[in-house]
Amino acid sequence: MAKVESLGIKRLESVHYYVHDLERSRRFYTEVMDFAEIGESSDELTREGRQKSVAFLAGNCAVVCIAPRGEGGRAARWLRKYPDGVGTLNFEIEDADKAFRLLEGRGGTPIDDVRRVKDERGNEIAYFSITTPFGDTTFRFVERHGYRALGPGFEMYDRPRGGSNRLGFVGFDHTTSNFATLGHVSLWLEHVMAFERFWEIQFHTQDVDPSHQHGSGLRSLVYWDPHSGVKFANNEPWRPNFRASQINIFCEELRGPGVQHLAIAVGDIIPCVRMLRERGLKFMPTPGTYYDMLPARLEKLGIGAIDEDLAVLRELEILVDGDGPGKYLLQIFLKESSGLYKEEAAGPFFFEIIQRKGDQGFGAGNFRALFESIERAQEGQLQGAQ
Ligand SMILES: [Fe+2]
């Protein structure tokens, strides 16, 4: 089969995140995550779109939080159906007309035609959006020629407010999404988006559970755009215990498929996590048994020695995974928003923080290792009680 022609994606530029409490998001991004607040929707755009947008930036990670102002806007429509979540992924692209032609010719579904707008200096932006199999999440493609604002009607501040990226965020490493079934998603990513299969894995933890009653499984297909390096990990639940699969639970909580997490790459994860913990941010918990088992696991994975002090990783609950001598990654997952705020409407989305040290995987080994260590910790508690 002939190679599917590349769309000319340059990078994942930003995400649109629909929220019902914009002030809470502002505090989260500027005070906890140390993002700078860089701009907002003009009064006119806010009125026309019936929603207020505020943009936050750290490194190359831009997040635009959008809350309804009245009825009928996209944020209001999203929040009537779903909890807070990622509504749009914005890709910077080389040539919007070309990408539009390629996408439409391959069965993509544009929502609008390519729009071209110039700013007061004559710099141009061209953009359009398409629907996707990622639930109601849309993809937008943006071609820029010196156009600085995020989009028309957006007012960028002369002086950014809030944080200054002391956590060292570099950019988005990957996007992970969950689905009830993956077949159509992989066909769409391959044939419409011209992404290629990067990696696949399936695993179940039933064999680890002594009773064989519990355990959870998932199948994961990772796609990437070889042109830009943009990566998408996509999961579906795997039987047995299909309903208990964290992928199924996510889809039930979001009320459909969609983006589960965005991974942010950092240069040095230890000071980053330390600072975030000092600010009171909550992460997914890791039992101490994970670290008891870690030296043997690193040996088995063939990683051998790592640069970090195990006691520090244990203290901060940072996870390690990898494959081969000296090739590993360090990662940690924030608690999902609904857990952070103890509020269902805040949604099941969360951020991952990742530092790569030669490994190109996604930390799949940690799924099993965490399950094993939780089982081990529960056994210990049972024995202690006897
Ligand atoms: Fe991830």
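The values are calculated or read from the model by the stated rules, or taken from the named source; none is laboratory data. The structure presented is a predicted model; accordingly, all values stated were derived computationally and were not measured. Note: ideal-geometry Cβ built from the backbone for every residue, glycine included; neighbour counts use all protein chains shown. These area figures cover heavy atoms from the full protein model, side chains too; ligands, DNA and RNA do not enter into them. Shrake-Rupley method; radii C 1.70, N 1.55, O 1.52, S 1.80 Å.
With a cut-off of at least 2 residues that are within 25 Å of Gln360 (Cα to Cα), name the strands (runs of 3 or more DSSP E) lying wholly within segment 134-229.
Strands (runs of 3 or more DSSP E) meeting the threshold: 169-178, 196-204, 217-224.
Which of the residues spanning segment 224-257 are of a type in the set (A, V, I, L, M) and more than 16 Å from the ligand (Cβ to nearest atom)?
Ala244, Ile249, Leu254
So how many residues does segment 283-321 have that are basic (Lys, Arg) and either within 16 Å of the ligand (Cβ to nearest atom) or modelled with pLDDT under 95 (or both)?
Total meeting the criteria: 2.
Please go through segment 128-142 and pick out each residue that is over 19 Å from Ala75 (Cβ atoms) and buried (at least 22 other Cβ atoms within 10 Å of the Cβ).
Phe128, Phe141
Tally time: how many residues in segment 156-206 are β-branched (Val, Ile, Thr) and either touching a Lys or Arg at 6+ places or on another chain (Cβ under 6 Å) or more than 16 Å from the ligand (Cβ to nearest atom) (or both)?
4
So, in segment 40-69, how many residues would count as being open to solvent by 20 Å² or more (accessible area, probe 1.4 Å) and either modelled with pLDDT under 95 or in contact with a Phe, Trp or Tyr (Cβ under 8 Å, 6 or more places away or on another chain) (or both)?
5
Could you tell me which residue of segment 355-375 is most open to solvent (accessible area, probe 1.4 Å), considering only residues that are more than 16 Å from Pro285 (Cβ to Cβ) and away from the ligand (no atom under 12 Å from the Cβ)?
Gln360
Return yes or no: is Gly324 at pLDDT below 95, open to solvent by less than 20 Å² (accessible area, probe 1.4 Å), within 12 Å of the ligand (Cβ to nearest atom) and not in a helix (DSSP H, G or I)?
No: the conditions fail for Gly324.
Would you mind stating whether Trp188 is open to solvent by 70 Å² or more (accessible area, probe 1.4 Å), under 21 Å from the mean Cα position of the chain (by Cα) and under 30 Å from Arg243 (Cβ atoms)?
Against the criterion (open to solvent by 70 Å² or more (accessible area, probe 1.4 Å), under 21 Å from the mean Cα position of the chain (by Cα) and under 30 Å from Arg243 (Cβ atoms)), Trp188 does not qualify.
Taking the residues in segment 207-223 that are of a type in the set (S, T, N, Q) and at pLDDT 75 or above as candidates, determine which candidate is farthest from the ligand (Cβ to nearest atom).
Checking each candidate, the answer is Ser216.
Give, as residue ranges, the strands (runs of 3 or more DSSP E) completely inside segment 33-85 that count at least 3 residues that are touching a strand residue (DSSP E or B) at 6+ places or on another chain (Cβ under 7 Å) and under 25 Å from Phe333 (Cβ atoms).
Once the strands (runs of 3 or more DSSP E) in segment 33-85 are filtered for at least 3 residues that are touching a strand residue (DSSP E or B) at 6+ places or on another chain (Cβ under 7 Å) and under 25 Å from Phe333 (Cβ atoms), what remains is 51-58, 61-68.
Could you say which residue among Glu299, Glu308, Glu278 is without any contact (Cβ under 8 Å) to a residue 40 or more places away in the chain and surrounded by 14 or more Cβ atoms within 10 Å (Cβ to Cβ)?
Every option except Glu308 fails the conditions.
What is the residue count in segment 26-39 for residues that are in contact with an Asp or Glu (Cβ under 9 Å, 6 or more places away or on another chain) and crowded, with 21+ Cβ neighbours inside 10 Å?
Summing the residues that are in contact with an Asp or Glu (Cβ under 9 Å, 6 or more places away or on another chain) and crowded, with 21+ Cβ neighbours inside 10 Å in segment 26-39 gives 2.
Filter segment 242-275 down to the residues that are modelled with pLDDT under 95 and either assigned to a strand (DSSP E or B) or open to solvent by less than 50 Å² (accessible area, probe 1.4 Å) (or both) and list them by number.
Of everything in segment 242-275, those that are modelled with pLDDT under 95 and either assigned to a strand (DSSP E or B) or open to solvent by less than 50 Å² (accessible area, probe 1.4 Å) (or both) turn out to be Ser245, Ile247, Asn248, Phe250.
Please work out which residue is nearest to Val170 (Cα to Cα), limiting yourself to segment 333-349 and to residues that are open to solvent by less than 20 Å² (accessible area, probe 1.4 Å) and within 15 Å of the ligand (Cβ to nearest atom).
Here the answer is Leu334.
Considering only segment 141-176, state which residues are closer than 30 Å to Ile201 by Cα and in contact with a Phe, Trp or Tyr (Cβ under 6 Å, 6 or more places away or on another chain).
Within segment 141-176, Phe141, Thr175 meet the criteria.
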